[in-house]
Amino acid sequence: MTETTEQNRRTEGDALSTRKGQVTRRGGGEPGVRGRTTIADGVVEKIAGMAARDVDGVHAMGSGMSRTFGAVRDRVPGGTTKSVSCGVKVEVGEVQAALDLEIVVVYGVSIADVARDVRENVISAVERMTGLEVVEVNIAVSDVKLPEEEEEEEERRIQ
């Protein structure tokens with residue numbers, strides 16, 4: 001093999017080594033595409049939950065029952081912090097994701113506008129952070145937060 005042929009092959013981006021007239025290719029393309037990345041459903045759920053909560057007009061996520069269980073879980077010593085994935089279910093494939101969200105909206109806002117904004121924000125965040133294509137975001141409005149409804153304050157056993 002001549003020296004110029006060796007230089008031409010190196011300029012093609014392949015790492016080559018020669019040994020006794022044999023050419024061995026090193027690597028299989030760009031380093032960024034060697035290997036596989038998998039993203040767990042829980043990761044996408046957290047991203048979607050945070051993105052949905054950022055939208056004005058969203059009071060809470062999840063149904064009344066799931067929020068109640070979450071409040072009980074939050075009060076258990078050593079328990080985790082508030083679950084950002086409450087009210088979010090996802091199906092993640094190799095390149096696509098589908099999401100179902102359950103939200104509580106603030107009274108007086110346009111539910112259609114809030115749903116549109118949530119959908120846009122969730123799709124943008126999930127696609128930007130994971131590279132997955134979001135094929136659908138289904139939104140179920142399970143409740144409306146009325147102005148006269150008081151937030152349940154945590155009762156302390158020790159004062």
**Report entry** Spacing of the two label points (7 Å from each Cα toward its C-beta) at Glu149 and Ala98, in nm
**Finding:** 2.9 nm
Report task. Kindly rank 47-55, 100-108 from highest to lowest mean number of other beta carbons found within 10 Å of each residue. Result -> 47-55, 100-108
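Work out the FRET efficiency for Ser124 and Glu30 from their Cβ-Cβ distance, taking R0 = 30 Å, and round it to the nearest 0.05.
0.70
Read-outs: derived from the displayed coordinates by stated rules, not from any lab. These figures come from a predicted structure and were not determined experimentally. Note that each Cβ is placed from the backbone with ideal geometry, even for glycine, and that neighbours are counted across all protein chains shown.
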